[in-house]
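The block underneath contains the structure these notes are about, expressed in structure tokens.
The values are calculated or read from the model by the stated rules, or taken from the named source; none is laboratory data. A quick note: this is a predicted structure, and the numbers were derived from the prediction, not measured. Note: ideal-geometry Cβ built from the backbone for every residue, glycine included; neighbour counts use all protein chains shown. Note: accessible area is taken over every heavy atom of the protein model, side chains too, but ligands, DNA and RNA are not part of it. Shrake-Rupley method; radii C 1.70, N 1.55, O 1.52, S 1.80 Å.
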Amino acid sequence: MGDTMLNLYVLDAVSSKKVPAEIDPASKEDFAATHDWQTNWESTYARQLPNKVALHRKDNYELLGLMSYELDERGLAVEVLYMESARHSNANLLHEIGGEKKYIGIARALFAYAVSISMENGYDGVLAFKAKTSELVEYYIREFGASRVGSYDPFRLVIWEDAARELIDYFERSN
């Protein structure tokens with residue numbers, strides 16, 4: 001796995017302490033845990049997604065998030081097809097019930113992993129993906145240095161080489 005060089009972690013939302021995390025191929029148990037998520041990963045749609053990986057806490061293996069990606073050889077990028085934070089840290093779901101996130105940085109850890117896959121495949125860390133909402137478009141541009149690809153699809157974003165390097169450096173610097 002591309003995880004070897006990355007010391008991934010998320011932050012405990014209350015204490016701001018680093019919680020070491022790791023990425024593995026997603027398992028049946030991971031998918032089964034998503035019934036109350038925004039997306040049920042046992043659905044027909046999610047079942048056909050390629051390269052599904054799970055972000056877990058290293059110590060107790062708590063599921064933090066899931067991601068599906070594929071290699072886009074024409075676009076020389078890793079296409080992040082779907083990414084979701086666990087219910088306990090999903091802003092959209094928590095917003096409805098006025099809850100607070102348990103962890104911060106799940107998307108950052110998943111993106112950093114996708115960058116490492118992109119680098120391993122000779123795509124220089126470039127990622128392409130679609131944001132689900134216009135709020136998320138702004139968030140990804142602000143937090144991860146993503147860029148809009150073109151006007152035809154305002155939700156389509158790319159993380160270019162420099163921003164990709166920043167994502168990796170964030171985890172390398174902190175160790």
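If you check ASN7 against the conditions, is it surrounded by 13 or more Cβ atoms within 10 Å (Cβ to Cβ), in contact with an Asp or Glu (Cβ under 9 Å, 6 or more places away or on another chain) and at pLDDT below 95? Explain how you work it out, then say what you get.
Numbers: surrounded by 13 or more Cβ atoms within 10 Å (Cβ to Cβ): yes; in contact with an Asp or Glu (Cβ under 9 Å, 6 or more places away or on another chain): yes; at pLDDT below 95: yes.
Judged against the criteria, ASN7 is a match.
Pairs under 6 Å by beta carbon, first residue open to solvent by 50 Å² or more (accessible area, probe 1.4 Å) in region 95-123, partner among the polar types (S, T, N, Q), six or more apart or different chains?
Between residues of region 95-123 that are open to solvent by 50 Å² or more (accessible area, probe 1.4 Å) and residues that are among the polar types (S, T, N, Q), the close pairs are LYS101/SER89; LYS102/SER89.
Restricting to region 99-121, and then to whatever is assigned to a helix (DSSP H, G or I) and of a type in the set (Val, Ile, Thr), can you tell me which residue is nearest to LEU11 (Cα to Cα)?
Within region 99-121, the subset assigned to a helix (DSSP H, G or I) is 106-120.
Filter again for of a type in the set (Val, Ile, Thr), leaving 106, 115, 117.
Working: ILE106: 9, VAL115: 20, ILE117: 23 Å.
My answer is ILE106.
Pick from region 94-119 the residues that are modelled with pLDDT of 95 or more and basic (Lys, Arg): which of them is farthest from ALA77 (Cα to Cα)?
Looking at the filtered set, the residue picked out is LYS102.
Under 6 Å by Cβ, and 6 or more places apart or on different chains, what pairs join a residue from region 26-39 that is surrounded by 13 or more Cβ atoms within 10 Å (Cβ to Cβ) with one that is outside any loop (DSSP other than H, G, I, E, B) and among the basic types (Lys, Arg)?
ALA26/LYS52; TRP37/ARG87
Hey, any hits in region 21-42 for a residue that's within 19 Å of ASP169 (Cα to Cα), out of contact with any Cys (no Cβ under 8 Å at 6 or more places or on another chain) and among the small types (Gly, Ala, Ser)?
Start the filter on region 21-42 by keeping residues that are within 19 Å of ASP169 (Cα to Cα), which leaves 21-23.
Then keep just the ones that are out of contact with any Cys (no Cβ under 8 Å at 6 or more places or on another chain); that gives 21-23.
Now narrow it down to the ones that are among the small types (Gly, Ala, Ser): 21.
Looking for residues that are within 19 Å of ASP169 (Cα to Cα), out of contact with any Cys (no Cβ under 8 Å at 6 or more places or on another chain) and among the small types (Gly, Ala, Ser), one finds at least one in region 21-42, hence yes.
Just to check your reading of the model, which residue among ILE141, ILE168 is part of a helix (DSSP H, G or I), β-branched (Val, Ile, Thr) and either open to solvent by less than 10 Å² (accessible area, probe 1.4 Å) or under 20 Å from ALA54 (Cβ atoms) (or both)?
On the way: ILE141 fails: either open to solvent by less than 10 Å² (accessible area, probe 1.4 Å) or under 20 Å from ALA54 (Cβ atoms) (or both).
Answer to the selection: ILE168.
Which one of TYR82, TYR69 is closer than 26 Å to ASP12 by Cβ, assigned to a strand (DSSP E or B) and open to solvent by less than 50 Å² (accessible area, probe 1.4 Å)? Let's see the steps before the verdict.
On the way: TYR69 fails: closer than 26 Å to ASP12 by Cβ.
When all the criteria are applied, what remains is TYR82.
For ALA54, indicate whether it is part of a helix (DSSP H, G or I) and either closer than 28 Å to TYR123 by Cβ or open to solvent by less than 40 Å² (accessible area, probe 1.4 Å) (or both).
It is false that ALA54 is part of a helix (DSSP H, G or I) and either closer than 28 Å to TYR123 by Cβ or open to solvent by less than 40 Å² (accessible area, probe 1.4 Å) (or both).
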